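Below is one structure; the comments refer to it alone.
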Amino acid sequence: MKRTQELAPARLVLPLVTACFLASLAMGALLTPPAQATVQAGEEARVQYTPEELEDTFRRLQTSIMSPYCQGLTLADCPTSGAVALRERIHTWLEEGRRAEWIVDELAGEYGEWIRSAPEFSGFGLLAWLAPGAALILGAVWVGGYMRRNTKPQAQTGDTGEAGEAQAAAQPQVTAEDEARRREIEKRVEEELDAWQA
């Protein structure tokens, strides 16, 4: 019986994790706009950047786009000629008035979603944002349940009612005879220790 009680929460974890995963995938599918609509909206909307805004947006884009030429580096950190050409292409797009979102979407369409240095907060990328928090919450629930099952309640002080009286009655009572025996044993141990140290 006890073994079944211990395994019951473990049996619930896998279905719960699976349900959370499937729900996040469904949410991602519902929240992801069609790719064509994103590109068309970006095509129509142009921005007139001031020189300072253009350079600021250009720097921000370079650090938010992973380089397709240098694995693990952003476009700003990659020294290859391909990265230089891609930076020039991005700068040209910005001069034409393209929005930063359009540029990132265009590059993601060309190279793949991995080109984003951080996943989007929609679609499958939403799972990357939500999964760590969900894992922390599930872990905290599991640890709390484990601690609650495997720790013994401490004795309460003060008036404990009938349950406390029953527990106190179950505790063995120390008699004067027991106390005398304990003192005799302590005295004998001390004598033997003194004899051994001498």
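The values are calculated or read from the model by the stated rules, or taken from the named source; none is laboratory data. Quick caveat, the model's predicted, so the values are computed rather than measured. Because the Cβ atoms are built from the backbone with ideal geometry, glycine has one as well, and the counts that use them run over all protein chains shown.
Condition first: part of a helix (DSSP H, G or I) and not hydrophobic (A, V, I, L, M, F, W, C). Now tell me which residues in region 68-84 satisfy that. Of everything in region 68-84, those that are part of a helix (DSSP H, G or I) and not hydrophobic (A, V, I, L, M, F, W, C) turn out to be SER81, GLY82. Cβ-Cβ contacts under 9 Å between residues 6 or more apart (or on different chains), taken from a first residue in region 77-89 that is touching a residue at least 24 places away in the same chain (Cβ under 8 Å) and within 19 Å of THR57 (Cβ to Cβ) to a second residue that is of a type outside the set (S, T, N, Q) and assigned to a loop (DSSP other than H, G, I, E, B), are listed as ARG87/LEU75; ARG87/ALA76; ARG87/CYS78.
Inspect all residues belonging to region 142-150 and state whether any of them is under 16 Å from the mean Cα position of the chain (by Cα) and modelled with pLDDT of 70 or more. Yes, that holds for at least one residue.
A residue that is at pLDDT 85 or above and among the aromatic types (Phe, Trp, Tyr) occurs nowhere in region 119-133.
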